[in-house]
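To start, the structure itself, in structure tokens.
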Amino acid sequence: MKKLLLSAVLLGSAAVATAQDITFAMEPSYPPFEFTNEKGEIIGFDVDVANAICKEIQATCKFKGESFDSLIASLKAKRFDAAISAMDITEARAKQVLFSDAYYDSTASYVALKGKATLETAKNIGVQNGTTFQQYTVNETKQYSPKPYASLQDAILDLKNGRIDIIFGDTAVLADMINKEPEIQFVGEKVTNKKYFGNGLGIAMNKSSKDLAASFNKGLAAIKASGEYQKIYDKWMTK
């Protein structure tokens with residue numbers, strides 16, 4: 001009996017030892033994808049998607065805050081396992097990191113204060129630093145003077161104070177912003193330039209993490225098939 005009990009204990013220990021802990025990094029000031037609640041916890045669409053995937057692949061998720069423009073460099077240095085931070089899958093990024101399958105279809109949009117600037121009259125534009133929105137603005141819309149921000153919350157303050165005319169960013173994030181800031185509205189049409197947007201958002205990893213990518217893709221497919229992904233989408237995304 002003692003041998004049987006000892007074997008059970010050893011087997012249990014082995015199961016604990018082999019359970020995978022995965023540390024995800026994200027820039028937590030980007031609602032509804034990721035933001036910090038009043039308890040200091042990082043919550044949001046990306047967090048729930050990551051947790052659902054981890055549940056499927058029997059792993060434990062951990063989350064840490066990181067500036068968006070440092071995510072790729074930190075992944076290359078293996079400072080954490082993955083980044084899930086509303087990151088557009090682009091050819092340029094895919095040369096540096098490994099991406100999972102897309103977990104969200106992304107588009108870009110512009111917003112301005114109601115009754116103020118239009119795309120034709122705007123001169124100064126706010127963008128988040130290190131993003132494809134910044135790259136697109138610099139390379140494709142040279143009529144605007146881009147002003148980079150660590151977070152879009154800082155850009156909103158400058159928009160209200162007249163320091164910038166418009167903000168360019170992810171459509172879902174800007175929709176969430178409009179819900180909270182009724183004086184802000186969309187201007188112009190959505191942007192889906194495939195070089196910068198429209199390939200979807202992916203979980204980024206070190207190039208060597210092929211097994212982890214395969215696990216993420218398996219878990220993502222499972223939560224989409226079960227309906228869990230749709231529940232998370234409905235919870236966080238503005239219709």
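Out of Gly162, Gly188, one residue alone is part of a strand (DSSP E or B) and either touching a strand residue (DSSP E or B) at 6+ places or on another chain (Cβ under 9 Å) or aromatic (Phe, Trp, Tyr) (or both). It is Gly188.
Name the single residue that is most open to solvent (accessible area, probe 1.4 Å) among those in region 99-112 being aliphatic (A, V, I, L, M) and closer than 18 Å to Gly198 by Cα. It comes out as Ala102.
Could you tell me whether Asp46 is surrounded by 22 or more Cβ atoms within 10 Å (Cβ to Cβ) and either free of Cβ contacts under 8 Å to residues at least 12 places away in the same chain or not β-branched (Val, Ile, Thr) (or both)? Spelling it out, Asp46 is indeed surrounded by 22 or more Cβ atoms within 10 Å (Cβ to Cβ) and either free of Cβ contacts under 8 Å to residues at least 12 places away in the same chain or not β-branched (Val, Ile, Thr) (or both). Confirm whether Gly115 is open to solvent by 30 Å² or more (accessible area, probe 1.4 Å), of a type outside the set (D, E, K, R), part of a loop (DSSP other than H, G, I, E, B) and in the same structural domain as Phe168 (by the TED database). Yes. Tell me whether region 217-225 contains one or more residues that are surrounded by fewer than 15 Cβ atoms within 10 Å (Cβ to Cβ), touching a strand residue (DSSP E or B) at 6+ places or on another chain (Cβ under 6 Å) and touching a residue at least 12 places away in the same chain (Cβ under 8 Å). No, region 217-225 has no match at all. Considering region 132-172, the residues that are among the polar types (S, T, N, Q) and open to solvent by less than 30 Å² (accessible area, probe 1.4 Å) include one that is nearest to Glu34 (Cα to Cα), namely Ser151.
Yes or no, residue by residue, for (1) crowded, with 20+ Cβ neighbours inside 10 Å; (2) part of a helix (DSSP H, G or I); (3) in the same structural domain as Lys207 (by the TED database):
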position	(1), (2), (3)
Asn51	no, yes, yes
Lys55	no, yes, yes
Leu71	yes, yes, yes
Arg79	no, no, yes
Ala86	yes, no, yes
Arg93	no, yes, yes
Glu120	no, no, no
Ile125	yes, no, no
Gly130	no, no, no
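Determine whether Tyr196 is buried (at least 17 other Cβ atoms within 10 Å of the Cβ) and at pLDDT 95 or above. For Tyr196, the condition - buried (at least 17 other Cβ atoms within 10 Å of the Cβ) and at pLDDT 95 or above - is not met.
The values are calculated or read from the model by the stated rules, or taken from the named source; none is laboratory data. Quantities reported herein were computed from a predicted structural model and do not represent experimental measurements. Note: ideal-geometry Cβ built from the backbone for every residue, glycine included; neighbour counts use all protein chains shown. When the accessible area is computed, the model is the full protein with side chains, heavy atoms only, and any ligands, DNA or RNA have been set aside. Shrake-Rupley method; radii C 1.70, N 1.55, O 1.52, S 1.80 Å.
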